[in-house]
Structure formats: C-alpha cells, structure tokens
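> Provided herewith is a single structure, encoded as structure tokens, for subsequent inquiry.
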C-alpha cells in the first residue's frame, strides 16, 4: 500500500473553508479505483494540514495523478487560502498495528 501525504500551510482565517473544500473534493473520489481512504489531519498548534491518501499501489496513484479527475480536484484553489507551498511525501506502508477491540 502507498501512502501519499500532502502537507499544506493554510491561512488561519481559511481553515474551515479548507476543510469543507477538501471534504467536497475527496467525496468526488469515492469511486476512484485503487483509492483506499483519505484523511485530513490538522496540526494541533500552527496552520499545517496534511491530506493523507492511501492507495492500493503506486500504479493506482499515478493513474489518478495523470487523470482529468486529478486536474479537476486541484483546479480553482484560492491562493489566499494558503500561506506557502505544499510539500508532497510518498511512503510505502511498512506495518499496521490494530489493538484488539
């Protein structure tokens, strides 16, 4: 499994708008082949968000990245929403721990 973490510095006055916008855009990816789940993380102190997507394979992620859906998901993002450049990090999932219920 591939985990893609997109780190985004969001202006404090746009945090609620950012979450709403990304919830809408992520919902549009619901049927995307190879996408397992997406999490939106907010830094406890500071203005950093991480959109973390779990893909079944690197190939599935690259197919999405090269698609019209990717272009649409990233279109018309208001520049005033962000306080700097995003940083993309890509990981292979090494292990998962799930405690017994």
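The values are calculated or read from the model by the stated rules, or taken from the named source; none is laboratory data. Only a predicted model underlies this, so the values are computations on that prediction, with no experimental measurement involved. Because the Cβ atoms are built from the backbone with ideal geometry, glycine has one as well, and the counts that use them run over all protein chains shown.
> In the stretch 36-47, what residues are under 20 Å from residue 70 (Cα atoms) and more than 11 Å from the chain's Cα centre (by Cα)?
The answer is 36, and nothing else.
> So is residue 82 within 14 Å of the chain's Cα centre (by Cα) and within 23 Å of residue 27 (Cβ to Cβ) or not?
No: the conditions fail for residue 82.
> When you look at residue 48, is it closer than 22 Å to residue 14 by Cα and either in contact (Cβ under 8 Å) with a residue 12 or more places away in the chain or out of contact with any helix residue (DSSP H, G or I) (no Cβ under 9 Å at 6 or more places or on another chain) (or both), yes or no?
The answer is yes for residue 48.
> Follow-up question, since we're still on this one. Just to be sure I understand, how many residues within the stretch 90-101 are modelled with pLDDT under 95 and not in a loop (DSSP other than H, G, I, E, B)?
0
> Suppose the filter is at pLDDT below 90 and touching a helix residue (DSSP H, G or I) at 6+ places or on another chain (Cβ under 6 Å); does residue 22 pass it?
So residue 22 fails the test.
> A further question on this structure: Residue 63 fails exactly one of the following numbered conditions: (1) in contact with a strand residue (DSSP E or B) (Cβ under 6 Å, 6 or more places away or on another chain); (2) in contact (Cβ under 8 Å) with a residue 12 or more places away in the chain. What is the number of that condition?
(1)
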